[in-house]
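First the structure, in the form of structure tokens, and then the observations on it.
Bear in mind that the values in this text are calculations on the coordinates, not laboratory data. Because the structure is predicted, anything quoted here is derived from the model rather than measured. Here the Cβ positions follow ideal geometry from the backbone for every residue, glycine too, while neighbour counts run over all protein chains shown.
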Amino acid sequence: MLYRTAGQFKTSYRADHALFPVKQDAWLLGFILLLAFVVFPMTADEFVFRALLTPVLIYALAALGLNILTGYAGQLSLGTGAFMGVGAYACYKLTTIFPGLNLIVAILLSGFFSAAIGVAFGLPSLRIKGFYLAIATLAAQFFLVWLFEKWSWLYNDNSSGAIQVPTISIFGHPVAGPNATAIVQYYVVLVIVAGITWMAINITRGRIGRMWKAVRDMDIAAELVGINLMKAKLSAFAVSSYIVGVAGALFVFLWRGAAEPVAFDIPLSFRVLFIAIIGGLGSVLGNYLGAILIVALPVIISGLPAAVGLPLSSATVEHLNTMTIGALIILFLIVEPHGLARFWAIIREKLIMWPFPH
């Protein structure tokens, strides 16, 4: 009933392949944007911004970058955390070498450094694929984290070995560093994430996206019909690494405030990979659904016993949290192995056909 399509006619091929073939999809997106830009800033406190909203957006962006490489182009990668580190350290050097550079410009430029490194480590994809490529990207993960630790120039010879974000202002308002407010950082992250998501949607729906999908489904057949495999695979590594690099810069400058090389180690790569898989490979929406499940839900569950007055110790709450999230992940993968995005697509199809069973 909510998705009734009576009266919505399509008279052209262009209309049939529009981004929102059903008007309710556009209304739903508008409602979500209204929540993100108006309702949440008016009702949320600093804890909600720093523990829920901002990290969900950043992790969803990182998963989007990985999803372009793995879900759309079919190239496995286990080095997402290291490429996020490249973006973070590149942004740190840009802001220290060019102190007057706008922070948003520095964040967007840092993605190009990550893209260059991603293309360099993506060259083995021209000869190997599958788990062998995953091992090659895992080697990149270990090498880059080692480089972050040993090359002191990257963190300006800081004795702590960490990068510390100074107070950075835009138009007189602090947006990064200890003096920045959570709501300002949230708005900057939201605008950047929304812009890059819009860019990713257009790329994946266009000629380049169709080229990636052809390589993912069967690279030999794609080459036989005239697709340049080198261009397709390296472009996927470049776009994916760019998005991941921007997410890494946001991760440090607009959320953590400081980071050591260990912050970009293999657990971060696996966490982003889990978000992409749980959300649904080959889907833009799935990255946000997966980030809500993996990042936001544990925070909500941790605060639930205290909110209802249950006298549980912090260790017990942590164990229950881990068990609950694990059980939900297993449940969702059993019910729909293709991820939460496919689960929502099935619900949407049922709503469109309601009250008919088929």
Problem set entry | Assigned charges on the beta-carbon of Lys, Arg, Asp, Glu; the chain dipole about Cα centre (debye) | 1020 debye
Exercise. How big is the Rg/Rh ratio for the stretch 235-356, C-alpha atoms only, Rh by Kirkwood, two decimals?
Worked result: 1.05
Exercise. Per 5 Å bin from zero, what fraction in whole % of the C-alpha pairs of the stretch 196-274 is there, up to the bin with the longest pair?
Worked result: 3, 12, 18, 19, 15, 13, 10, 6, 2, 1
Exercise. Mind listing the phi-derived Karplus ³J(HN,Hα) values for the stretch 153-170, rounded to whole Hz, using 6.51, -1.76 and 1.60 with θ = phi - 60°, and x for any glycine or proline?
Worked result: 4, 5, 10, 6, 6, 5, 5, 7, x, 10, 9, 10, 7, x, 6, 10, 10, 10
Problem set entry | C-alpha center-to-center spacing [the stretch 32-84, the stretch 94-124] in angstrom | 19 Å
For this session: Check cross-link reach from Lys93 to the lysines: straight Cα distance under 28 Å, and skip same-chain residues fewer than eight apart.
Result: Lys150
For this session: Along Cα→Cβ, 7 Å out, is where each label goes; now give me the distance between the ones at Thr5 and Thr181 in nm to one decimal.
Result: 4.5 nm
Seminar exercise, completed: Once amide hydrogens are built 1.01 Å from N within the peptide plane, the residues lying 5 or more places from Ala259 or on another chain with amide H under 5 Å from its amide H are Ile163
Exercise. Going by average Cβ neighbours within 10 Å, how do the peptides 118-126, 200-208 rank, with the highest at the top?
Worked result: 118-126, 200-208
Problem set entry | Residues of the stretch 51-76 with amide N under 17 Å of a point placed 7 Å along Cα→Cβ from Met218 | 74
Problem set entry | Whether the stretch 132-220 is rounded, prolate or oblate, judged on the alpha carbon gyration tensor where a/c under 1.5 counts as rounded | oblate
Problem set entry | Out-of-range pairs (alpha-carbon distance over 18 Å; input Lys23/Lys350; Lys129/Lys233; Lys10/Lys350) | Lys10/Lys350
Problem set entry | Estimated inter-spin distance, Leu19 and Met323, nm [label 7 Å along Cα→Cβ] | 4.5 nm
For this session: Can you tell me which of 133-143, 308-318, 16-26 comes out highest on packing, and rank the rest after it, using the mean Cβ neighbours within 10 Å?
Result: 133-143, 16-26, 308-318
Seminar exercise, completed: Other residues with Cβ under 15 Å from the Cβ of Phe264 give, with Lys and Arg +1 and Asp and Glu -1, a net charge of 0
For this session: Find how many whole Å separate the alpha carbon centroid of the stretch 141-188 from the alpha carbon centroid of the stretch 201-224.
Result: 36 Å
For this session: Scan around Ala176 for amide H atoms under 5 Å from its own, H built in the peptide plane at 1.01 Å from N, and keep only partners 5 or more places away or cross-chain.
Result: Ile168
Exercise. For the stretch 13-83, what are the per-bin percents of Cα-Cα distances with bins 5 Å wide, up to the bin holding the maximum?
Worked result: 3, 13, 14, 14, 16, 17, 15, 7, 2, 0
Problem set entry | Sequence-distant aspartates and glutamates (8 or more away, or on other chains) whose Cα lies within less than 20 Å of Lys231 | Asp217, Asp219, Glu223
Seminar exercise, completed: The extension gain from Val225 to Ser12, computed as 0.36 nm times the residue separation minus the Cα-Cα distance, is 73.9 nm
Problem set entry | the stretch 97-112 - phi-based ³J(HN,Hα) in whole Hz, Karplus 6.51/-1.76/1.60, Gly and Pro as x | 6, 10, x, x, 6, 4, 4, 5, 5, 5, 5, 5, 6, 4, x, 5
For this session: Using the charge dipole of the chain (Lys, Arg: +1 at Cβ; Asp, Glu: -1 at Cβ; taken about the Cα centre), state which of Ala341, Tyr187, Phe143 has its Cα farthest towards the positive end.
Result: Ala341
Exercise. Ordered by residue, what ³J(HN,Hα) values in Hz, to whole numbers, does the stretch 264-277 give under the Karplus form 6.51 cos²θ - 1.76 cosθ + 1.60, where θ = phi - 60° and Gly and Pro are x?
Worked result: 9, 6, 4, x, 5, 4, 5, 5, 5, 4, 4, 4, 5, 6
Exercise. Which of Tyr89, Leu304, Ile163 sits farthest toward the positive end of the charge dipole of the chain, with +1 on the Cβ of Lys and Arg and -1 on the Cβ of Asp and Glu?
Worked result: Tyr89
Seminar exercise, completed: Ordering 169-178, 340-349 by per-residue average of other C-beta atoms within 10 angstrom, highest first, gives 340-349, 169-178
For this session: Note the full-extension length gain between Trp198 and Lys150 as 0.36 nm times their separation in residues minus their Cα-Cα distance, in nm to one decimal.
Result: 13.6 nm
Exercise. What does the charge count near Ala180 come to, summing +1 for each Lys or Arg and -1 for each Asp or Glu among other residues with Cβ under 13 Å from its Cβ?
Worked result: +1
Exercise. Taking the Cα centre of the stretch 179-265 as origin and charging only Cβ (+1 Lys, Arg; -1 Asp, Glu), how large is the dipole, in debye to the nearest 20?
Worked result: 360 debye
For this session: Compute the FRET efficiency between Phe31 and Arg210 as 1/(1 + (r/R0)^6), taking r as their Cβ-Cβ distance and R0 = 35 Å, and round to the nearest 0.05.
Result: 0.70
